[in-house]
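One structure is given below, encoded as structure tokens.
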Amino acid sequence: MQKLAYKLAEVISLSLSLPAKRLNEFFEDQVAFGRINHYPPCPVPHLALGVGRHKDAGLFTILSQDDTGGLEIKRKTDGEWIGVKPTPDAYIVNLGDATQVYSNGEYESVEHRVVLNTERSRFSIPFFVNPSHSTWIQPLEEKVNEKNPAKYKAYNWGMLYTHRRKHDPKTRDEENLPVDHFKA
Ligand SMILES: O=C(O)CCC(=O)C(=O)O
Ligand SMILES: [Fe+2]
């Protein structure tokens, strides 16, 4: 998983016209971690969400899900929630806020949520690729110039992370979309 994370970071860097290893320095001593989510069936799925709408805060998340389905992403053009169809033997990669900030808004983190199923339970395993705790996250100098000034102020990952850990992910809502708090 670690190897895949470094590979993906390289691909993201290259796609931003940056040197392949440009993003690696930010998560060299990172505390990437995996989690196993279990969503039991719910008789009234329109009254509850498995995970409320949120964006992942780190660089990106490599997500494995079973064939139940339920993950939805918000389409930017019209604000519609779109189901992500489970594809066997494939990972989903969600970009997080840190990549949005490093790229100075060239990439945007994806807003997502999980809806529940009436009959089937669901398992998912996200692997969060997060920056090192001491890292300050700010637009990369290559992405900032006179015409395109920094869109975000620098913030410390460790401080943000500790703050976010105090919030129950199930209650994440608009106030908890952290990158908006750091707009320049
Ligand atoms: O279960 C999923 O598909 C997504 C879970 C998620 O968004 C998260 O844990 O941050
Ligand atoms: Fe998430």
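Considering only residues in segment 29-84 that are of a type in the set (S, T, N, Q) and assigned to a strand (DSSP E or B), the one that is nearest to ligand 2 (Cβ to nearest atom) turns out to be 61. For the residues 98, 90, the requirement of being of a type in the set (Gly, Ala, Ser), within 16 Å of ligand 1 (Cβ to nearest atom) and out of contact with any strand residue (DSSP E or B) (no Cβ under 8 Å at 6 or more places or on another chain) singles out 90.
Kindly check whether there is at least one residue in segment 16-26 that is hydroxyl-bearing (Ser, Thr, Tyr) and under 16 Å from the mean Cα position of the chain (by Cα).
No - not one qualifying residue is present in segment 16-26.
Among the numbered conditions (1) buried (at least 21 other Cβ atoms within 10 Å of the Cβ); (2) in contact (Cβ under 8 Å) with a residue 60 or more places away in the chain, the only one that residue 123 does not meet is (1). Got at least one residue in segment 137-145 being away from ligand 1 (no atom under 16 Å from the Cβ), more than 15 Å from residue 57 (Cβ to Cβ) and either hydroxyl-bearing (Ser, Thr, Tyr) or within 12 Å of the chain's Cα centre (by Cα) (or both)? So far as segment 137-145 goes, no, none of its residues is away from ligand 1 (no atom under 16 Å from the Cβ), more than 15 Å from residue 57 (Cβ to Cβ) and either hydroxyl-bearing (Ser, Thr, Tyr) or within 12 Å of the chain's Cα centre (by Cα) (or both).
Scanning segment 75-87 for residues that are within 21 Å of residue 108 (Cα to Cα) and within 12 Å of ligand 1 (Cβ to nearest atom) returns 83, 84. Just name the residue that is modelled with the highest pLDDT out of those in segment 3-33 that are surrounded by 12 or more Cβ atoms within 10 Å (Cβ to Cβ) and over 26 Å from residue 144 (Cα atoms). Looking at residues that are surrounded by 12 or more Cβ atoms within 10 Å (Cβ to Cβ) and over 26 Å from residue 144 (Cα atoms), I get 4. Restricting attention to segment 46-86, the residues that are closer than 24 Å to residue 4 by Cα, at pLDDT below 95 and of a type in the set (Val, Ile, Thr) add up to 0. For segment 99-136, which residues satisfy the criterion of being touching a helix residue (DSSP H, G or I) at 6+ places or on another chain (Cβ under 7 Å), more than 15 Å from ligand 2 (Cβ to nearest atom) and in a loop (DSSP other than H, G, I, E, B)? Answer for segment 99-136, where residues must be touching a helix residue (DSSP H, G or I) at 6+ places or on another chain (Cβ under 7 Å), more than 15 Å from ligand 2 (Cβ to nearest atom) and in a loop (DSSP other than H, G, I, E, B): 103, 104, 106, 107, 116, 117, 118, 131, 132, 133, 134, 135.
The values are calculated or read from the model by the stated rules, or taken from the named source; none is laboratory data. In this text, all values refer to a predicted model and were calculated from it rather than measured experimentally. Cβ atoms come from the backbone with ideal geometry, glycine included; neighbour counts cover every protein chain shown.
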